[in-house]
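So the structure is just underneath, and the comments pick up after that.
Derivation of every value follows stated rules applied to the coordinates shown; laboratory data play no part. Predicted, not measured: the structure shown is a model, and the values here were computed from it. So basically every Cβ, Gly included, is an ideal-geometry build from the backbone, and we count neighbours across all protein chains shown.
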Amino acid sequence: MIIDKMAEEGQASSESKEFTELDWITLKNDLNTQQIQKVETSTSKFYRKFQENPFVPIGCGLTTMALVYGLYSFSTGKRGRSQSMMRLRVVAQGFTVAALMMGIAKTSMS
C-alpha cells in the first residue's frame, strides 16, 4: 500500500510537471504571436524614438553638420573656421552623450 501511494504521488508530480511545461509552451507561443503582430518599420521606430528623446537625434545632426563643415573648411584652407567647427563638434558630441544618459536615467526611473 505504501508503495502504491508513493507511486501515485510520483505520477501526480510528473503530471504536474508536464502541465507546467505545457503552460510554458503555450505562453511562449502566445508571446511569439504577439511579437509577430507588432512589427515596426524603421521609419516608425525613428519617429517613436524621436518622440521619446528628441535631443539625441538633434545632437547627432549637429555633430554631423559640424564635422562636415569643419572638414570642408579644412580642405578649402580656412584653418580658423575648421578649428572652431572641430570644437563645436566636440561640444555637440558631449551634448549627445548627455542626452543619451538623461534618456537612460528617465527610462530606468519609469
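See the values below:
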quantity	calculated
Those residues of region 41-75 whose amide nitrogen sits under 15 Å from the label point placed on residue 86, 7 Å along Cα→Cβ	66-75
Environment charge of residue 81, counting only residues whose C-beta is closer than 13 Å and scoring Lys/Arg +1, Asp/Glu -1	+4
Neighbourhood charge, 14 Å Cβ-Cβ cut-off, centred on residue 51 and excluding it, Lys, Arg +1 and Asp, Glu -1	+2
